[in-house]
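Only one structure is covered here, and it is reproduced in the block below.
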């Protein structure tokens, strides 16, 4: 299936993403009248790539729901919106794999959003998102060697929630915003952010020690 082909590709893919830091300590990106209603994650049809650590559907559901709550629970808009996430499949880079392969962890989800009051689904089709690890000293040689399963899942779930937020921002009309307002808000935030401002990140102590 398509998801499994993506995982196989991701396990050997050189990481292309830039270094990423945890932005949850910052004010949330403006998202109109959004406030989080129901936060649902299901993994009944989840697939695991063969070369992967094991993780149960309950573990994934808990990790993704926490990440969604952490990100979207910060919003205090006037309307409730429900977010539903289907966890389609995953690959968690295992320990003991030859370093030449540099395996990467991957998560594939499908996201949907509803207006809580009208119970109307806002997206015609589920939005499938393929989530990769962020670049760090720990993932360059393969996160299975340097990170626990829990840390891998935490990072992927964080990245998944961030990707869902970016998707919602691509559809601002759902939340009473215009694309021009989203663009202006992004520009204002970028201008107000000092380049050297320290940020909390998701890297473990071994990554920091390696710098």
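Taken together, the values in this text are just the output of simple stated rules run on the coordinates, not laboratory data. Treat the numbers as computed from the prediction; the structure is a model and nothing was measured. So basically every Cβ, Gly included, is an ideal-geometry build from the backbone, and we count neighbours across all protein chains shown.
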request  = Give me the distance in nm between label points sitting 7 Å out from Cα along the Cα-to-Cβ direction at residue 115 and residue 25, one decimal.
outcome  = 3.9 nm
key: 164, 49 arranged by Cβ crowding within 10 Å, fewest neighbours leading   = 49, 164
inquiry  = Starting from the 7 Å offset along Cα-to-Cβ, what nm value, one decimal, do you get for the label separation of residue 56 and residue 148?
reply    = 1.7 nm
request  = Please list 23-34, 150-161, 176-187 highest first by mean number of surrounding beta-carbon atoms within 10 Å per residue.
outcome  = 150-161, 23-34, 176-187
